[in-house]
Every structure is written in C-alpha cells, then in structure tokens.
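S.K.: Take this structure, written in structure tokens, and hold onto it; I'll ask about it next.
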Amino acid sequence: MPVAQNEQVVIKPVLLDYVEGLSEGWGIKVSEDFSEEKKLFAYQVQALENALKALYSFYEKYKGDKEEFARIYTEYYELLSPKVKKQELLGLLSEFYQLDENTLPFKELCNRMSFWMATGSGKTLVIVKLIDLLFDLQKMQLIPPKPVLFLTARQDLVDAFRRYLEEFNKSNPGKQISPVNLKDYQKSQKSLFREEAKVFFYRMDLISDEKGKETLDFRTFLDRDREGNLLGNWYVILDEAHKGDKEESKRQFLASVLSKDGFLFNFSATFTDPIDIATTVYNLNLSEFINKGYGKQIYLSYSEVEGFEKKEEERDFSREEKKKVILKTLILLAGLKKAKRKLPDLYHNPLTIYLVNSVNVEESDLKLLFEELLNFARFIERGLYEKAKEELINEFGSSFYILGDGKLEFMKEIVRDVEVQDIYREVYNASSGGTIEYQYYKENTQEVALKHTGANVPFALIKIGSIEKIKKNLLWEYQETVLYEDPKYFERLNEPDSPVNLLIGSRAFYEGWDSPRPNLIVFINLGTQADAKKFVLQATGRGVRIEPVKNQRQRLKWVSENLSELRDKIDKPEVKALETLFVFATSRKAVETILSELTKLKEVADYSQVELYKNPEVEKHLLLIPKYKIKGKSVFELESPPKFKLSDENYKLLKLYLDLMPKERFTLERNSDLEKLRKIVQNSGKYLFIDDEYHYRNFEKLLKALLNYSKAQVQDIDESEPFIPLPDDAIVHFKEIMVKKELVEKFKRLAEEVFNAKKMSEEEEISKKLKGVDKELAEEFKRLAEKAFETERIKEIDGITLEKILSHYYIPMVYTKNAQDLVKHVISVESEVDFIQALKGKIDKLDKICEHWFFSKLDEQKDKIYIPYMDKEGRQARFIPDFIFWLKLKKNKYVIYFIDPKGSAHTDYERKVDGYERIFVENGKPKEFEHKGLKVEVRLKLFNKDYSGGEKYKDYWVNSQALFEDLVV
C-alpha cells in the first residue's frame, strides 16, 4: 500500500521491536513438526511465536481496539497514514473508513502484521502453520471466529500453497484443513459441515470492485452488522500479492477492507512500503537471511559496467569496453568452477544468470549479449583478457561484501589461476575456439540451448516466453538441431551432471525457481524501469540459496558446528568463493539501484549479531543437565500424575456437564473420549487440585484445557541416564547477542577487552612476589591491584554493563536495566539484574563451599535447558528458568541449581514449581540421583529481593539474604 515516504526517515520494524520486548502471552509453544518430510527451522518457529505475541497483544491486551493498538506506532504515525490522491479510490475508501480529508489514519490499518522473509526461506511452510494456528486459536476462543482467506499473485503460487497444504494434511490426520476456491464461498456457507476447517484461496489480481468472468467483486465477501454497516470480517493472508499488479495501490486497499474487522497477515521477500516495514513482526529479509548463514554473501561489482546502454549519448562507448564486462563474468565463472573441482563432495556446480530486459525487439539486450558470447566462443584476445583479469584482481583486493561480512581478497588467487583455456573448458564445455549452434525440443516453445561446435553438450540455456522470434531474429544464420526427445535442460539444472553453465532469460524463470547453483547474476539494462527496485531484490534473492552438504542449507561455518570434520575447510578460499553471489550490472543506473535497495535492507536490519566468548574454564569441568525421555506418558499411565487445577465452582459445573452430556454427541462435537474426562472427575483426588485461586471464568476454556490435559504426553526423567554432560547446542544465546548497529564496533572492542582482562584469582602468584614485604603494605598493594583489575573486568557503554565473572559460562556477562532497546538476549529484566547484584555478595561463600562452580543466564527463546510442567491450558510446556548453576560441593555432592527471579504474583509460577517437584523432589526433599560416583540433586529457587514470605510455596522464595543458605557443606 503505497505511502509517501520521506527519504530522510528510515522506517524501523516497530511491531518486531514491540513483540520482542513483550514477556506476556498465551504461553503457546509452536511445534517444529510440519510433515513426515519437513520440520520447521528455528527461525520459522520464531516467526510464528512472534505472530502469536502480536495477536495476544491485539486481542487480549488491547481487546481488539485499533486506536489503542496503533499507539505503539506513535513515532511514525503520520508517515504511516496514506494520502490518497485518486478520486475513485477516495470514494471507495470513504464507504468503509472515516477519512481525514484525503488521508486514511493509520489506526484503521494497524490490525496487520508483515513477515519479511527472504526468497528460499520457506514462507509457504510458515503460512500453512499460521493457518493451522489461527484455527487452533479460534477453537480455544482466544481470537474471534472468522473465515481465513489466502491471496497470492499467480496461479503457480496458488498451486504451490495447495501442495504444501496437502502435505500438511497427509501427516496430520487430526488437523485437516480443506482448501476452497473463493468462487465457491456462498456455496460453502450452505454446507452441512460449517465447523470444518476451511481456507479459501484466490489470486489477488482477480479481486476487484466489479465482477468479471474470473474477477470477483470484493463486496460479495463482506458481512453486515446489525446497523447494516459493511464489515471486512476475514483473516486475510497475502503471499507476494503485490507482484505483477498494475493496480497495486487499489488492490492493497481491497485486502485491507476485507480484513478491516479481522486481521491481515502479509508475507513477502521484498517489502518497500513503510506500512509493511513498520508492521513487520519477523524480519528475515535478504540481509538477515545472509547474516544468519542461510544464504550466500553478496558482492556488488562497482566497476564500469555500462556496456549495453543504447542511448544516443552513449554511442561512443567502445566495443572493447562492452566485451570486457562480459569477459570478466566468464573469467570469474571459470575460476569458480575450478574452485569447485577442489571440493568434489561439497557445494553446487557454479552457474551464471544473465537477466535481460528486451528480448524480441530488433536491437534487443539478448542480441547484444549473444553477440559477445559468440565472439568469445570463437576467439579470446590476449590483451583484453589480461586487462579484464588484472582489473578483477585489483577490484577484489580492496572490496567488501555489500551483504555479508569481510573482504574479498581471497578471490585474487582464484582469478589469477584462470587461463584462457579454462574459459573454453569450464564455460563453453570445449577445448578451443569455435562457433555456436543451437538446439531445441520440438514441443518446448520456451527453451533454446546453445552449444559450442567443439563440444558434445550445450553450455547455455535461453529460457523466455516464446522462442519463435528468437529463432527468426537472432539464430537464423546458425546451425539448428531439432530434438525429438526432451532433454529437460531447465528441469535438470540442479542435477550434478547438468552441462548448462549460463542461464539467459527475462523474468520468466526466476520466480518459483529454487537452486543453489547461481554464483553470478548479471543484470543487463535493468534499473531504469519503474518496478526495477522490487525486481532487483526478487532476482537477487533467487541466487543466494546455499547447500554445502545435502539437506544442510546454511554456510559451512554453521553446518560444521554439527559436522566437525568440515571445520578445517571453513576458511579455504574455494569455500568462501562458492559461498558468494557476485552481482554485476551493465549500467551505472542499475548499479546505483541495486546498491540503494540492498543498503536499505541493512538499515532496516537495525541490529547486528555479536558472538561472545565461551569461558575456557568450563571445558575443564563437568557441567550436567537433566535428560528427559523423548516420548512422554499420558496422565492415565502415571502413578502420580501432575494435577489439573480448577476452582470448586468449576469442578461442580464440569461434573454436571459430563454427567448430562450424551457420549455420542460429545465424540462427534469434540472428537474426544468422554469416558477419559469422566475418569478424571471421578478420581478427583488423583487428577485434580481444587482451589478457588484457579478459577476459569469461561467454561469453554476450562473444557478445552481439560481435554488438553487428558491427551497430554507428560515428560519424565530418563531413569537409564538421568543426566548428561552439557551439549554444545544447549546454551547458544551468547552467540546471537543483538546489538544496535551504531554500537556494534565499540561493543565488540569492549567485549574483547573484558575477556582478556587479568584475573585476581592469580592471588597466590602475587602473594609469592610480595613475600617478605611488610604485611600492611602488601594488603594495600593487593587492594589497589584488585581495584585496577576491576576497571579492566567491568566496562560500560550507553547503560550496558559488560563484566568478567570468572564463574560465568561465557564472557563477558552483559546486563542492563534501561537500555533494552540497544541490546537483546542479555540480562535486561529488572529482577534479573537485581539478582546479579545479590549474587556478587555470595561469590565468596560459593568459592568456600564449592570445589568449583559455574553459572549461566538462560534465554527462553534460544536455549534448550528446561523443566517440563503442565501449563494452565492443560498442555505439556517447558519452564526455562533465568539462571542455572552447577555447584560441585565436597564429598562427591553435585547440585544443579535453577534460579528464576520473578515477582511473587508472576503468572503460572506455582504450576512450574509443581512440574519441578514431580520430577526432582521426594518426601519433601530434593531427590538424590547417582551419576558416575556423584550424588546429584536438582534444586529450584524463585528470587525476589523484597519477598517477605507467604504460606503457599514459601520455601521456594528467597531474597538476597537467604540466597544459597540451603546449601549445607
């Protein structure tokens, strides 16, 4: 939805910042399961969990009040309120909105969220899971009941969505979602099966304000309230719905009208509109996608690449210069293919994509490109070759990635190693010069393969809308071969033996095509068209996919964390080269457009990821964590199941309902076993905890929670191996500290200084050197030395403290009370910072009673150490305390000590304590486990510096004075 953007203002993803700072929510955890073949990546799960937080905020916290919800966008409110110039559009919108003259206030549009997800990041999986979540939330009465509508730009995207939905349904028989064409909406409303989960689908470009053969009038799908006002009562999901739409502005407003009284979910790889950016709830745009290792790093060549502009003033641009531009890309591809030969079991077969704008006009971009490729196929002039090669070497000597991190000096040797013969062999599949001939399958009107006469297989593939004009205008004088068996060159591009090294075409093939092969993209005469901005991002996104090892879609640095045999290859020049997408363009304007759009992505990605240092001391000691059985048991299989909590009034009403409800009707309506619920109520002493503090005001929520409880798989400790050494992936948040861009360099420098700071634990060494010195003088010296060391161990930057605590799992420990907007995934909640201050007063005590001890902050979003418990919705959940301590006491006693700083009224803490007690407490005391000669206990405390004590669960609460007082030596 176009908004007049002030170029001086960089819009930030406001909603993303808001949900990341939100600790409250429904407590629903998103499963990574999708189908038998597919699981969600961690970033896809995170996107959906962010969406749940945003929905919770809108529907639960703000009760669906758009005016209140819009207040979180106050900083950009005016900029996000579209000014509508077209009279026709003003008239249309005034039917549905209260306009302020010609401005649509943003409060009318704020019930939306955007998912900014790079091409190849798996948007469709997220969309299908989101639809499933929307139905779950409606069943649980957490959001209002409304129909769900999926809209996208083209039929192939509709087909892809339906394939993913079918795959999801096949693997989730209890969660069937039926796809229904929007044309059949009225018919489906009359269906007997109104409760069936249905998602309606259609093409966005066929939604209009008037009806046609395939075009649907959006008014057909609006409801009316009691006063007769039209309501847009849909949950609308848009997937790249802006593409190929000449009436984009109007259609985007229509999507907003359809969801006016519902909610809009917008998915795209290429947001440029300020509203879409501000309402981004998850940002995995191209820049973030690459930063997290999921794509190739991108290099943009700044060299003179104005080869094919055909404007009058550029007539004097030399033919030699044109040749040099293309020759550079051929040299580079030959070098990359040679690099691949040194890594036979890793990566892809490198490919160059040439994207042309004009195809069928007499002096087309395609014709100019073809002529240069033909010239080089015949003969490569030594002088031009040497000059192009030298320029590339010089360019790489001082160049940096535009998206990514680091310089490209490693490319100098790869380019230097390329000879003329390599271009013929690696690019043309030949051994020397020759001419070009072409071949095509008689029934395929979109593909022409180019073959060097000295080769047995093609080297290039032209894929466009129709090949007839090309044959007539471009290829008429060359040898033609008609194939009667389909070689499927495009379909087989990803096969290891594909001979195609150059892929040439317009925009026909890049959409919907997914391959790790592209290492070069060359834009020919692009950047001067009105829609060039989006095209640049879409096309570039198609080239970043990476797959160094089969089914491992991250760069080798990330893949090698689980495959240690690959770690010594990470820094090889060949690896870095194959993990790079080189972008060239044939005009200065095109370069400027690409540079501008890719730079904007970095600006929106307002935080940079910083990895802190793992404490080398922890490697010398055993750090244990509990191991739970992968498969849980139902509550009916347990001798002492976790109890479901409800009030006495709830219990009586529930008992009456279950007594009166016919079994067959309950099974039909709920798809659940009534007898199981009756068993729970009849054995209330075993399964229920009745207390008026746990009252459900909504009977439907009570019933849903009890149904969840009856079906829950309760995790327990693995008795065969109750504890395991801490795995590398259990605590990872310190590798993903997010720091505001403007602070990153200083933060990194201070973190390194703190890590390298001297430690006063070298006290014995100092004492030896002070032997014979006056005692008072020696003590004074030690005190001054300690003060000096402390200055080195503690650094501050803009309200953020970086501190070296010798027993912390990583260094430095980072905490702040007031700068949460500058740094993320650190200690930033007031109660947690208070705990750290209290802990500092207990370090001497722990040093005295422990042989050694360590501790770490845990991050609920990133880390994997937890205690299973039953939440208020009756589901198995994970309690991740804020801190874990490993205390090796004397006499082979070992304590894993969880501490969770919270306010005493914090939601669900009692259920979490219940979960802990069920597994780790026996006869009112911590249960003792055996592990290789150690006596292991797991303890839990809830910290509140001002907590004065209350009867219920009082033994779990500690303040500063009581901290660690339960440890007996």
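S.K.: Mind checking which residues of region 469-522 are surrounded by fewer than 13 Cβ atoms within 10 Å (Cβ to Cβ), modelled with pLDDT under 85 and not assigned by TED's automatic domain parsing to the domain that holds Asn551?
M.R.: Lys472, Trp476, Glu477
S.K.: Follow-up question, since we're still on this one. Might you check whether a residue that is acidic (Asp, Glu), over 30 Å from Gly335 (Cβ atoms) and surrounded by fewer than 19 Cβ atoms within 10 Å (Cβ to Cβ) occurs anywhere in region 626-645?
M.R.: Yes, region 626-645 contains a residue that is acidic (Asp, Glu), over 30 Å from Gly335 (Cβ atoms) and surrounded by fewer than 19 Cβ atoms within 10 Å (Cβ to Cβ).
S.K.: With the condition kept exactly as written, say whether any residue in region 391-412 is assigned to a helix (DSSP H, G or I), touching a residue at least 60 places away in the same chain (Cβ under 8 Å) and more than 30 Å from Lys600 (Cα to Cα).
M.R.: no
S.K.: Could you tell me whether region 756-773 includes any residue that is at pLDDT 90 or above, farther than 24 Å from Ile865 by Cβ, part of a helix (DSSP H, G or I) and not assigned by TED's automatic domain parsing to the domain that holds Arg878?
M.R.: No, that holds for no residue.
S.K.: Within region 728-749, can you find the residues that are farther than 25 Å from Ile865 by Cα and surrounded by fewer than 19 Cβ atoms within 10 Å (Cβ to Cβ)?
M.R.: Result: Lys740, Lys741, Glu742, Val744, Glu745, Lys746, Lys748, Arg749.
S.K.: With farther than 30 Å from Lys211 by Cα and of a type in the set (D, E, K, R) as the only criterion, which of Lys139, Lys183, Lys146, Lys187 stands out?
M.R.: Lys139
S.K.: May I pose another question? Cβ-Cβ below 6 Å, separation at least six or inter-chain, first residue in region 690-717 and part of a loop (DSSP other than H, G, I, E, B), second of a type in the set (A, V, I, L, M): which pairs?
M.R.: Matching pairs, first to second residue: Tyr694/Leu646; Tyr696/Leu702.
S.K.: For Asn525, all conditions in the list (1) surrounded by fewer than 21 Cβ atoms within 10 Å (Cβ to Cβ); (2) at pLDDT below 90 hold save one; what is the number of the exception?
M.R.: It is condition (1) that Asn525 fails.
S.K.: Only one of these is modelled with pLDDT under 85 and crowded, with 16+ Cβ neighbours inside 10 Å: Lys338, Lys328, Lys311, Lys324. Name it.
M.R.: Just a single option satisfies the conditions, and that option is Lys324.
S.K.: Another question, then. Hey, among the residues in region 541-568 that are surrounded by 17 or more Cβ atoms within 10 Å (Cβ to Cβ) and modelled with pLDDT under 85, which one's nearest to Lys340 (Cα to Cα)?
M.R.: Checked region 541-568; the qualifying residue nearest to Lys340 (Cα to Cα) is Ser560.
S.K.: Here's something else I'd like to know. Can you tell me which residues in region 362-390 are among the polar types (S, T, N, Q) and either part of a helix (DSSP H, G or I) or not assigned by TED's automatic domain parsing to the domain that holds Asp417 (or both)?
M.R.: Of everything in region 362-390, just one residue is among the polar types (S, T, N, Q) and either part of a helix (DSSP H, G or I) or not assigned by TED's automatic domain parsing to the domain that holds Asp417 (or both), namely Asn375.
S.K.: If we keep just the residues of region 839-852 that are part of a helix (DSSP H, G or I) and touching a residue at least 40 places away in the same chain (Cβ under 8 Å), which is surrounded by the fewest Cβ atoms within 10 Å (Cβ to Cβ)?
M.R.: Lys845
S.K.: Could you count how many residues in region 272-292 are modelled with pLDDT of 90 or more and assigned to a loop (DSSP other than H, G, I, E, B)?
M.R.: 1
S.K.: Which residue, of Ile827, Ile836, Ile811, is hydrophobic (A, V, I, L, M, F, W, C), in the same structural domain as Leu887 (by TED's automatic domain parsing), farther than 16 Å from Glu965 by Cβ and touching a residue at least 60 places away in the same chain (Cβ under 8 Å)?
M.R.: Ile811 is the lone residue from the list that is hydrophobic (A, V, I, L, M, F, W, C), in the same structural domain as Leu887 (by TED's automatic domain parsing), farther than 16 Å from Glu965 by Cβ and touching a residue at least 60 places away in the same chain (Cβ under 8 Å).
Listed here are the residues, each with its yes/no results for (1) within 23 Å of Lys735 (Cα to Cα); (2) crowded, with 20+ Cβ neighbours inside 10 Å; (3) not assigned by TED's automatic domain parsing to the domain that holds Ala838.
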residue	(1), (2), (3)
Leu858	yes, yes, no
Gln861	yes, no, no
Ile865	yes, no, no
Asp871	no, yes, no
Ala877	no, yes, no
Tyr897	no, yes, no
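S.K.: Next up: Of all residues being outside any strand (DSSP E or B) and free of Cβ contacts under 8 Å to residues at least 60 places away in the same chain in region 853-874, which is farthest from Glu910 (Cα to Cα)? Just the residue, please.
M.R.: Applying the filter and picking the extreme gives Glu860.
S.K.: Do we have Val635 as closer than 30 Å to Ala730 by Cβ and in contact with a Ser or Thr (Cβ under 8 Å, 6 or more places away or on another chain) here?
M.R.: Yes.
S.K.: Among the residues of region 569-591, what is the count of those that are in a helix (DSSP H, G or I) and at pLDDT 75 or above?
M.R.: Summing the residues that are in a helix (DSSP H, G or I) and at pLDDT 75 or above in region 569-591 gives 7.
S.K.: State the number of residues belonging to region 932-945 that are over 15 Å from Lys890 (Cα atoms) and not in a loop (DSSP other than H, G, I, E, B).
M.R.: The qualifying residues number 6.
S.K.: Which of the residues that make up region 117-139 are polar (S, T, N, Q) and over 18 Å from Asn285 (Cβ atoms)?
M.R.: Gln138
S.K.: Glu362 passes all but one of (1) more than 17 Å from Phe584 (Cβ to Cβ); (2) at pLDDT 90 or above; which number fails?
M.R.: (2)
Results for (1) without any contact (Cβ under 8 Å) to a residue 60 or more places away in the chain; (2) of a type in the set (A, V, I, L, M), shown as yes or no for each residue.
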{"site": "Arg112", "(1), (2)": "no, no"}
{"site": "Leu151", "(1), (2)": "no, yes"}
{"site": "Arg154", "(1), (2)": "no, no"}
{"site": "Ala160", "(1), (2)": "no, yes"}
{"site": "Phe168", "(1), (2)": "no, no"}
{"site": "Ser188", "(1), (2)": "yes, no"}
{"site": "Glu196", "(1), (2)": "yes, no"}
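The values are calculated or read from the model by the stated rules, or taken from the named source; none is laboratory data. Only a predicted model underlies this, so the values are computations on that prediction, with no experimental measurement involved. Note that each Cβ is placed from the backbone with ideal geometry, even for glycine, and that neighbours are counted across all protein chains shown.
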